[in-house]
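Each remark here refers to the structure printed beneath this line.
The values are calculated or read from the model by the stated rules, or taken from the named source; none is laboratory data. From a predicted model like this one, the values you see are computed outputs, not experimental measurements. As a convention, Cβ positions derive from the backbone with ideal geometry for all residues, glycine included, and neighbour counts pool all protein chains shown.
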Amino acid sequence: MRNCCHECPKPLAIRARWRVLARSAGPTHMNPLEAAWQAALAAEQQAAFGYGLLGPQLSGAARQLAVACSRAHQTLIEQSALAQSAAGLVPVAPQADYPTLYPVPGPRAARALAVRLETECASAWRYLYAVAASAPRRAEAPARRAQAQEALIGSAVRAARWRDSSVPFPGI
């Protein structure tokens, strides 16, 4: 079984599964909770792409942190896409490129990009949390709120590791 890349232990077939699901159906009407969930998935996809750009600019402990962060985002992508598919949604497909992430000329720019990626993910998950909290009658709202809270905390912790400090109210 082939792995998706030399640093990722997950088989390529697992990563490709949700991409096939994402392209298998056309667009559907989404409620605000579903749209926020899709936006969080899109933010995670951008983060995974971004870590591929910034990783080569880093070395030592910073590179190990980038690999760990990339794996965390890949895990969130897979979990979210599979959960969306199970809920009857078509997960948003990743973009082919994210031009706003370029250039990453060196280690300082790589660290700044990592903070930006984590902040954008935190914002997306915070928005999902807010939407889920305002939709308590929807059966899936508590699960989305719990997922968003866990992912928001993860992004805030990763951003703090890149900043070497924390900020109040991450995702704002």
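For the reader, a short list of remarks on this structure follows.
- Filter result for the condition that a residue is among the charged types (D, E, K, R), in contact (Cβ under 8 Å) with a residue 12 or more places away in the chain and out of contact with any strand residue (DSSP E or B) (no Cβ under 8 Å at 6 or more places or on another chain), over Glu150, Glu140: Glu140
- Residues in region 123-172 that are modelled with pLDDT under 90, surrounded by 20 or more Cβ atoms within 10 Å (Cβ to Cβ) and not small (Gly, Ala, Ser): Pro170 alone.
- Selection count where residues are crowded, with 19+ Cβ neighbours inside 10 Å and under 17 Å from the mean Cα position of the chain (by Cα), scope region 95-110: 0
- Cβ pairs under 8 Å, 6+ apart, first in region 61-77 and under 9 Å from Tyr51 (Cβ atoms), second modelled with pLDDT of 95 or more and not in a helix (DSSP H, G or I): Ala66/Leu58
- Residue match in region 139-150 (condition: among the charged types (D, E, K, R), within 30 Å of Ser59 (Cβ to Cβ) and not in a loop (DSSP other than H, G, I, E, B)): no
- The selection criterion, being crowded, with 18+ Cβ neighbours inside 10 Å, out of contact with any Ser or Thr (no Cβ under 9 Å at 6 or more places or on another chain) and at pLDDT 95 or above, does not hold for Ala61.
- Some residue of region 113-122 being modelled with pLDDT of 95 or more and surrounded by fewer than 16 Cβ atoms within 10 Å (Cβ to Cβ): no
Conditions tested, residue by residue: (1) in contact with a Leu (Cβ under 9 Å, 6 or more places away or on another chain); (2) of a type in the set (Lys, Arg).
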site: Tyr102; (1), (2): yes, no
site: Glu120; (1), (2): no, no
site: Arg126; (1), (2): yes, yes
site: Ser155; (1), (2): yes, no
site: Arg161; (1), (2): yes, yes
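- Taken together, the residues in region 64-94 that are modelled with pLDDT of 95 or more, among the small types (Gly, Ala, Ser) and either buried (at least 20 other Cβ atoms within 10 Å of the Cβ) or not in a helix (DSSP H, G or I) (or both) amount to 6.
- Residue that is nearest to Gln57 (Cα to Cα), among those in region 104-132 that are of a type in the set (Val, Ile, Thr) and assigned to a helix (DSSP H, G or I): Val115
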